[in-house]
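Q: This is the structure I have questions about; it appears just below.
The values are calculated or read from the model by the stated rules, or taken from the named source; none is laboratory data. Not measured: the values here are computed from a predicted model. Every residue, glycine among them, receives a Cβ derived from its backbone with ideal geometry; neighbour counts consider all protein chains shown.
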């Protein structure tokens, strides 16, 4: 979760993100805290090409807003006390976001329109095989306890992702672990005790790819709230060494800032989802998993009659419309609904269905689209996934992607009820359970899933018919004539209301 205020260079495919000697001296901290230097270090600003270069007010406001969004602070655009305090807190030295000049496409010129561009999950070790070796230990702790901490930290990831991680005693290794002080000639100098705790490098073909360094000036501890916990920091840094960038979820292990000692620290949904999107999910090994799969088969067959009942015998009123599935399109930011053979689009500025748009779905999604969809969801890359029985369809800009539809091989992900995206993680719902999902999962849901809906989504009923997250701080679940408004921040259901007035524009209009 953490570290660094000095300069970072991360190894990316074919090139290095490194700064020259002039920029190193420019961003080096003295007794005063250099805000621009901080933003340059962590990707929120470009590094000027000369020491005389600077940043204008719009650049700085945009950087502040991005940083505040990345770290969960109130987005004010001002370098206020709370923002500076966060900047000075212990953290990871890994870059948070792509620099403006490295971002694809045109940079938005409105500083108030916050669009984070984190380092993507595109770097991984080939063949899902990784080796590691300790090059040196700190004298603050025993060598055996440090080694055990590294083993435990790696195990956090290998327990959920389909990756084999093993220690080697001699020869070279993919990930070399060591302790360093100040400038140690990797382009990313440490800064003494506090602020930058450690850093790591992405997978790749460079000599330093995957290497992980801990600042030996820190007070490294184990099993106490004093100092900085080595294992938790190691688990975060190994996430980078395996291919993950920082997370904007402030509670995730891969958040940039150190969150303190927790003897029972865990990976958050966001951590698990992103790692398994790189390496696939770890197959369940519990002996109870096999019978659980076989006993679910009869439940799949019983769902088929439910699908056929969706065909309307007479033309229904729009106020009686039920949703097979809902999604927010990533391109036009409009909400769409599937129902039997049709696709509907919601009005952008008021409640209700856009009557001029309602169409047969195969005329919108080409060249083919299923009827009676089970679930639909758009991922962070704006790709639309449609679940139908044991088949998965994927669309880019409403056109079916090559190689799709594909067969869904994991029983739990067949005949699902609903799906939604939240914080870059896709969740699917089926009967009384839910699971995180990624199209690379091929053998089983990730470890610990599926879970009961009631264990997290308090107040949400079983067998929901559709679900939707529209980035307004709430998630909406639909069942029958009702919808449920779930508060993402406080993890509670705010209320259950009739769907027609709030969503279909029927009767007296009410807020959602």
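Q: Somewhere in region 298-320, is a residue at pLDDT 50 or above, exposed (fewer than 14 other Cβ atoms within 10 Å of the Cβ) and under 29 Å from residue 381 (Cβ atoms)?
A: Within region 298-320 (the criterion being at pLDDT 50 or above, exposed (fewer than 14 other Cβ atoms within 10 Å of the Cβ) and under 29 Å from residue 381 (Cβ atoms)), the answer is no, since none of the residues qualifies.
Q: Inside region 154-175, can you point out the residues that are farther than 13 Å from residue 129 by Cα and either at pLDDT below 95 or surrounded by fewer than 21 Cβ atoms within 10 Å (Cβ to Cβ) (or both)?
A: Passing the criteria: 155, 159, 160, 169, 170, 171, 172.
Q: In addition: So which residues in region 432-471 are without any contact (Cβ under 8 Å) to a residue 24 or more places away in the chain and in a strand (DSSP E or B), if there are any at all?
A: Selection gives 433, 434, 435, 451, 452.
Q: Could you grab me the full set of residues in region 325-345 that are outside any loop (DSSP other than H, G, I, E, B) and either within 26 Å of the chain's Cα centre (by Cα) or crowded, with 21+ Cβ neighbours inside 10 Å (or both)?
A: Result: 325, 326, 327, 328, 335, 336, 337, 338, 339, 343, 344.
Q: Of all residues in region 133-149, which are without any contact (Cβ under 8 Å) to a residue 60 or more places away in the chain and in contact with a helix residue (DSSP H, G or I) (Cβ under 9 Å, 6 or more places away or on another chain)?
A: 134, 137, 148
Q: In region 352-372, how many residues are touching a residue at least 40 places away in the same chain (Cβ under 8 Å) and part of a loop (DSSP other than H, G, I, E, B)?
A: 2
Q: So how many residues does region 252-276 have that are in contact with a strand residue (DSSP E or B) (Cβ under 9 Å, 6 or more places away or on another chain) and outside any loop (DSSP other than H, G, I, E, B)?
A: Residues in region 252-276 being in contact with a strand residue (DSSP E or B) (Cβ under 9 Å, 6 or more places away or on another chain) and outside any loop (DSSP other than H, G, I, E, B): 8 in total.
Q: Something else about it: Just the residues that are under 23 Å from the mean Cα position of the chain (by Cα) and modelled with pLDDT under 80, please, taken from region 78-111.
A: Hits for region 78-111 are 102, 103, 104, 105, 107, 108.
Q: Do we find that residue 380 is under 22 Å from the mean Cα position of the chain (by Cα) and either in a strand (DSSP E or B) or modelled with pLDDT under 85 (or both) in this structure?
A: In short, yes.
Q: Checking residue 144 against (1) crowded, with 19+ Cβ neighbours inside 10 Å; (2) at pLDDT 90 or above; (3) over 20 Å from residue 207 (Cβ atoms), which test does it fail?
A: So the condition that residue 144 fails would be (1).
Q: Quick check on my filter: what residues within region 148-185 are in contact with a strand residue (DSSP E or B) (Cβ under 8 Å, 6 or more places away or on another chain), closer than 30 Å to residue 273 by Cβ and part of a loop (DSSP other than H, G, I, E, B)?
A: Residues satisfying the conditions are 160, 162, 163, 168, 173, 174.
Q: So which residues in region 204-219 are buried (at least 24 other Cβ atoms within 10 Å of the Cβ) and over 12 Å from residue 180 (Cα atoms)?
A: 210
Q: Okay, next question. Answer yes or no as to whether residue 206 is in contact (Cβ under 8 Å) with a residue 40 or more places away in the chain, out of contact with any helix residue (DSSP H, G or I) (no Cβ under 7 Å at 6 or more places or on another chain) and under 30 Å from residue 451 (Cβ atoms).
A: So residue 206 does not fit the description; no.
For every residue, the table says whether it meets (1) surrounded by fewer than 17 Cβ atoms within 10 Å (Cβ to Cβ); (2) out of contact with any helix residue (DSSP H, G or I) (no Cβ under 9 Å at 6 or more places or on another chain).
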| position | (1), (2) |
| --- | --- |
| 354 | yes, yes |
| 363 | yes, yes |
| 367 | yes, yes |
| 371 | no, no |
| 376 | no, yes |
| 382 | yes, yes |
| 391 | yes, yes |
| 396 | yes, yes |
| 400 | no, yes |
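Q: Do you know which residues across region 10-67 are assigned to a helix (DSSP H, G or I), modelled with pLDDT of 60 or more and closer than 23 Å to residue 192 by Cα?
A: Selection gives 35, 36, 37, 38, 39, 40, 41.
Q: Also: Does region 196-215 contain any residue that is within 30 Å of residue 489 (Cβ to Cβ), assigned to a loop (DSSP other than H, G, I, E, B) and either modelled with pLDDT of 90 or more or out of contact with any strand residue (DSSP E or B) (no Cβ under 7 Å at 6 or more places or on another chain) (or both)?
A: Checked against the condition, which is being within 30 Å of residue 489 (Cβ to Cβ), assigned to a loop (DSSP other than H, G, I, E, B) and either modelled with pLDDT of 90 or more or out of contact with any strand residue (DSSP E or B) (no Cβ under 7 Å at 6 or more places or on another chain) (or both), region 196-215 yields no hits at all.
Q: Now for a different question. Tell me, which residue of region 219-245 that is in contact (Cβ under 8 Å) with a residue 60 or more places away in the chain, within 18 Å of residue 138 (Cβ to Cβ) and not in a helix (DSSP H, G or I) is nearest to the chain's Cα centre (by Cα)?
A: 228
Q: What do you reckon, is residue 6 touching a strand residue (DSSP E or B) at 6+ places or on another chain (Cβ under 8 Å), modelled with pLDDT under 75 and either at positive phi or buried (at least 17 other Cβ atoms within 10 Å of the Cβ) (or both)?
A: So residue 6 passes the test.
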